[in-house]
Amino acid sequence: MKCTSIKSPWNTERRTQFVLLVSMMASLCQGAKAQSSQSQFWPEVDTYIKLDSRMRLMFMASRTTDGSTYDSAQIGANLDITLKPIRRVLVQSNDSSKRTYLTFGIGYRYLTNLDKPSENRALLELTPRYYLPLGILASDRNRFELRIISGNLTWRYRNRLNLERSFNIKSLRFTPYAQGEVYYYSQYGLWNKDSYGFGLIFPVHRRFEIKPYFQHDNDSRSSTPHVDAFGLTLYLYF
């Protein structure tokens, strides 16, 4: 009895073609994911200098949150004016503005990016605060930004709601917080960006605080519409 061999449809040539096709599809998927989502690290230093009981200067330097590369930076300054002190302060912080019902700020930012044109930005801020039950401090920051990019003037409105509460565990004092922010862009005529984050604020000394945090951004007009950022901010008070 003569045995005949049955040829498999998956011969060497077809197997090679199949492997190449799967590899190409995987590479395309990874590339699309890399373009649509990005992880970043945001370091920042904020320095506050008290002028009197109601006014202070703030100087800041950070990696810009509007750039998609690490070769980016943001520097700027604010003049903050606080009004109407809160009589019963429950949140423990070195930040004197958290002991007032209202803060008005005027400032300037300069942003430089490897992947985007540089930007000059003037801003106005108004932040009311009030206490909720359980000792939770709510802050509603309203920021209006005038932006000059490549000679073009646009504006952006940002509204950020922040909730925080202080805790003491023996000698350890810390304040967890959660916040959400929405952005309106004049050039698009729509709310096309939102962000959500949470973190902890640790008063290390009466003049120092550190804030590690996580933030997720969604921007429908960006080349990287989703950003997961891990940040670390150092606050200095003088």
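Read-outs: derived from the displayed coordinates by stated rules, not from any lab. Just so it is clear, the model here is predicted, and its values are computed rather than measured. Here the Cβ positions follow ideal geometry from the backbone for every residue, glycine too, while neighbour counts run over all protein chains shown.
What to note about this one:
- Once the Cα-Cα distance is subtracted from the 0.36 nm per residue extended length, the residue 155 to residue 71 segment shows a gain of 27.8 nm.
- Between residue 44 and residue 120, residue separation times 0.36 nm minus the direct Cα-Cα distance comes to 25.5 nm.
- Between residue 87 and residue 174, the simple spin-label model (points 7 angstrom out along Cα→Cβ) gives 3.4 nm.
- R0 of 45 Å, Cβ-Cβ distance residue 238-residue 36: FRET efficiency to nearest 0.05: 0.60
- Dimensions (Å) - the stretch 74-165, Cα atoms, principal axes, largest first: 47, 22, 21
- Packing-based order for 176-186, 151-161, using average beta carbon neighbours within 10 Å, highest first: 176-186, 151-161
- Length released on extending from residue 188 to residue 224, taking residue separation times 0.36 nm less the Cα-Cα span: 11.2 nm
- Environment charge of residue 236, counting only residues whose C-beta is closer than 9 Å and scoring Lys/Arg +1, Asp/Glu -1: -1
- From the coordinates shown, Cα Rg over 2.2 N^0.38 Å corresponds to which of (i) 1.17; (ii) 0.96; (iii) 1.41: (iii)
- C-alpha long axis of helix 12-36 to longest principal axis of the chain, angle in °: 10
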